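What follows is one structure encoded as structure tokens, with my remarks underneath.
The values are calculated or read from the model by the stated rules, or taken from the named source; none is laboratory data. Note that the coordinates shown come from a computational prediction; the quantities given were computed from them, not determined experimentally. Quick reminder, even Gly has a Cβ in these numbers, built from the backbone with ideal geometry, and neighbours come from all protein chains shown. We work out accessible area using only protein heavy atoms, side chains counted, and drop any ligands, DNA or RNA first. Shrake-Rupley method; radii C 1.70, N 1.55, O 1.52, S 1.80 Å.
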Amino acid sequence: MGRPWCARSGHGIAENCQVTKNIVHVRPDRTEYHAVQLGASDRPKRTTTHQMRGHFRKARVKPKYIVKEFPVTPDAHVPVGTTLSAIHFVPGQFVDVIADSIGKGFQGTMKRWNFKGLRASHGVSVSHRSAGATGQHQDPGRVWPGKKMAGRLGGERTTVQNLPVVRVDTSLDLIFVKGAVPGVDDAHVLVRDAKKKMLCLANANQAKGLYESVLPKGVDDLPFPAGTKEMVQSLPPVIEAPSKRSSPFIPRE
């Protein structure tokens, strides 16, 4: 199961993240694509299109600013209308955070592509940060497509992988991750299970028949659906991951 999440940057605060639809699509090769569609951040009804009003009305949820879908396994469909909380993620696991990077405008090759630039002392005639030659001779007589040149930097969809979850605040619906989160302050971000450190390893162990290694160590089973508001009532308000650093002032056993 791929666990999805819609949040806002900062620490990562959820804003009424609800399931709006369960998607099942049959591909031309007869394989099935399964996904869970989530909506986050309530919006006024008057600013919502008539098509999306009907979509949210069918799901019996309020209109949302953000609607995204996350691929899941066939047995991981969540009932429509379920409200997810921050406890959907377990402190200590790894996640991927996706958002639009900060736009930096039109930048030169040194800032955009880490070019070395030309000489800083002699012989460049005030062209120290120039890109240098970009083409070849009469053959081919043009600049190849995709050449690294000056242009707009940032403002693109960016994924930061393998960020550890260090704390989850269930009372405020906050997710604390360690590392750089892309995007400007208060931007919407997508948080999902880390593909490399979690999903790929779990799929590989399952294919090998190592079912005891599919889940992390010490975890025998996962509740379903995970991270609901009902689950929050039985958990403490703040859950922290155990620290991997040991204090030098505590004697070892």
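If packing is taken as the average number of other Cβ atoms within 10 Å across a peptide's residues, how do 121-127, 20-26, 101-107, 226-232 rank, most packed first?
Numbers: 121-127: 8.4, 20-26: 14.0, 101-107: 12.0, 226-232: 16.4.
Top of the packing list down: 226-232, 20-26, 101-107, 121-127.
Helix-only estimate, please: 222 nm mean residue ellipticity of the chain, summing -39500 (n - 2.57) across DSSP H runs of length 4 or more and dividing by its residues, to the nearest 500.
-3000 deg cm²/dmol
Quick one: angle between helix 50-59 and the longest Cα principal axis of the chain, in degrees between 0 and 90, rounded to 10, please.
40
Over all directions, the average projected area of the alpha-carbon convex hull for the stretch 106-148 comes to how many nm²? Mind dumping the intermediate values first?
Working: hull surface 15.8 nm².
Mean orientational projected area (the stretch 106-148, Cα hull): 4.0 nm².
Any of K21/K45; K68/K208; K58/K229 with alpha carbons more than 23 Å apart? Name them for me. Show your work: numbers first, answer last.
On the way: K21/K45 19 Å; K68/K208 32 Å; K58/K229 21 Å.
Result: K68/K208 exceed 23 Å.
Students sometimes get this wrong: rank L190, L215, L84, L118 by accessible area, probe 1.4 Å, all chains present, largest first.
Numbers: L190 30, L215 50, L84 5, L118 75 Å².
The ranking, largest first, comes out as L118, L215, L190, L84.
State in Å² the accessible area per residue of the chain; use a 1.4 Å probe, count heavy atoms of protein chains only, and round to the nearest integer. If you can, show how the numbers build up before the last one.
On the way: 16830 Å² over 253 residues.
Ligands and nucleic acids excluded, the result is 67 Å² per residue.
If you roll a 1.4 Å probe over the chain with all protein chains in place, what percent of the accessible area is carbon or sulfur? Numbers along the way, then the final one.
Details: 9040 of 16830 Å².
Within the chain, the accessible surface is 54 percent carbon and sulfur.
If you average 1/r over every pair of different alpha-carbon atoms in the stretch 21-97 and take one over that average, what Kirkwood value in Å do you get?
Working: mean 1/r = 0.0696 Å⁻¹.
Radius from the Kirkwood sum: 14.4 Å.
Lysines near K148 by alpha-carbon distance under 27 Å, same-chain residues fewer than 8 away left out - which ones?
Qualifying lysines at Cα under 27 Å: K104, K111, K116.
Residue by residue, what Karplus-based ³J(HN,Hα) values in Hz, rounded to whole numbers, does the stretch 126-136 have, using 6.51, -1.76 and 1.60 with θ = phi - 60° and x for Gly and Pro?
Values, residue by residue: 6, 10, 5, 9, 6, 7, x, 5, 10, x, 10 Hz.
Rounded to the nearest 0.05, what FRET efficiency is calculated for D75 and K111 with R0 set to 51 Å and r the Cβ-Cβ distance?
The computed FRET efficiency comes out at 0.60.
Once amide H atoms are built 1.01 Å from N in the peptide plane, which residues 5 or more positions from T228, or in another chain, come under 5 Å H to H?
Result for T228 returns S85.
For V95, what residues show an amide H to amide H distance below 5 Å, using hydrogens built from the backbone and excluding near sequence neighbours?
N162, L163, V165, A194
Label-point separation (nm) for N16 and S101, each offset 7 Å from Cα along Cα-to-Cβ?
Modelled inter-label distance: 3.4 nm.
Using the Cα centre of the stretch 97-253 as the reference point, and only Cβ charges (+1 on K/R, -1 on D/E), how large is the resulting charge dipole? Debye, rounded to the nearest 20. Numbers along the way, then the final one.
Numbers: 23 positive and 14 negative charges, 247 e Å.
About 1180 debye.
For the stretch 80-159, I need the span (max minus min coordinate) of the C-alpha atoms along each principal axis, in Å, sorted largest to smallest.
65, 33, 22
Specify which residue in the list H88, F56, F106 is farthest towards the positive end of the charge dipole of the stretch 29-121, using unit charges on the beta carbon of Lys, Arg (+1) and Asp, Glu (-1), about the Cα centre.
It is F106.
Tabulate in residue order the Karplus-calculated ³J(HN,Hα) for the stretch 71-77, using 6.51 cos²θ - 1.76 cosθ + 1.60 with θ = phi - 60°, rounded to whole Hz; enter x for Gly and Pro.
Per-residue couplings from phi come out as x, 9, 7, x, 8, 10, 5 Hz.
Residue farthest toward the positive end of the dipole of the chain, with Cβ of Lys/Arg at +1 and Asp/Glu at -1: which of A133, S247, A180?
A133
Which ³J(HN,Hα) values, rounded to whole Hz and listed in residue order, are derived for the stretch 197-208 from phi using the Karplus coefficients 6.51, -1.76 and 1.60 in 6.51 cos²θ - 1.76 cosθ + 1.60 with θ = phi - 60°, glycine and proline given as x?
Whole-Hz 3J(HN,Hα) from phi for the stretch 197-208: 8, 10, 5, 5, 5, 5, 5, 5, 5, 5, 5, 7.
For the residue pair V166 and I23, what label-to-label distance in nm results when each label sits 7 Å from Cα along the Cα-to-beta-carbon direction?
3.4
Ranked from the most accessible area to the least, with a 1.4 Å probe and all protein chains present, what is the order of F115, F224, F176, F249?
On the way: F115 60, F224 110, F176 40, F249 185 Å².
In descending accessible area the options line up as F249, F224, F115, F176.
In angstroms, what radius of gyration and Dmax does the chain have, counting Cα atoms only?
Cα only, the chain: 23.7, 74 Å (Rg, Dmax).
Show which aspartates and glutamates lie in cross-link reach of K195 when reach means a straight Cα distance below 14 angstrom and same-chain residues fewer than eight apart are skipped.
Within reach: D96.
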